[in-house]
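First the structure, in the form of structure tokens, and then the observations on it.
FYI, it's all coordinate maths here, none of it is from the lab. Quick caveat: nothing in here was measured; it's all calculated off a predicted structure. Quick reminder, even Gly has a Cβ in these numbers, built from the backbone with ideal geometry, and neighbours come from all protein chains shown.
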Amino acid sequence: MHLQQLRKAVVSKDELKRVAQVLKHVPARKLSLKPIEELAKKIHRYSREEISALVLRFAVDFLHLRRDLRDAEHLMACMERIHLVTTEQVRELSRLNNRLYECVMQEEAKPKQDHVVSHVIIKADVRGSTQMTQDLLARGLSPASHFSLNLHEPVKKLLDRFCGEESVYRR
């Protein structure tokens, strides 16, 4: 039995008879029409003002539901934009890009210092660096920090490890 049938049974006597026939065929339990009949009588006793008040209350509740669903969707979209940092390298890169919001206890917090606002790349000859720079800028990240952390620092560590030194190459 569909809920629509029950709804119609509350307002229509013909549909109530059909529902009664369906309920007679349920062998497991003896189901009664009494609650449906009582609800139908109660609905028929409502005055026009009471019905208007109920419709208004339903409309207000329905609009609140729509608003709450929209707010929930907005909240979920915002929550999906939050990324928890899982590695030290990502944390350092996020900190360099001023994209890291740390929630730490007061004794764990590092002392305040001047943050690097921007970098200047004097020369970078990396294949595809132009496209990488555009992609990073499009995501609101600092390409200089990215190249520094992922290219310059590892090369510098290798140079230190093998007693190398930096030199300027000019064409």
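Give the residue list of trypsin sites (Lys or Arg not before Pro) in the range 1-106 that are DSSP loop and have at most 16 other beta-carbon atoms within 10 angstrom.
Those satisfying the criteria are R29, K30, R81, R99.
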Checklist entry - Taking the simple approach of a point 7 Å from Cα along Cα-to-Cβ for both F58 and D135, what is their distance in nm? => result 5.4
Checklist entry - Projected area of the range 1-45, taken from the Cα convex hull and averaged over every viewing direction, in nm²? => result 2.9
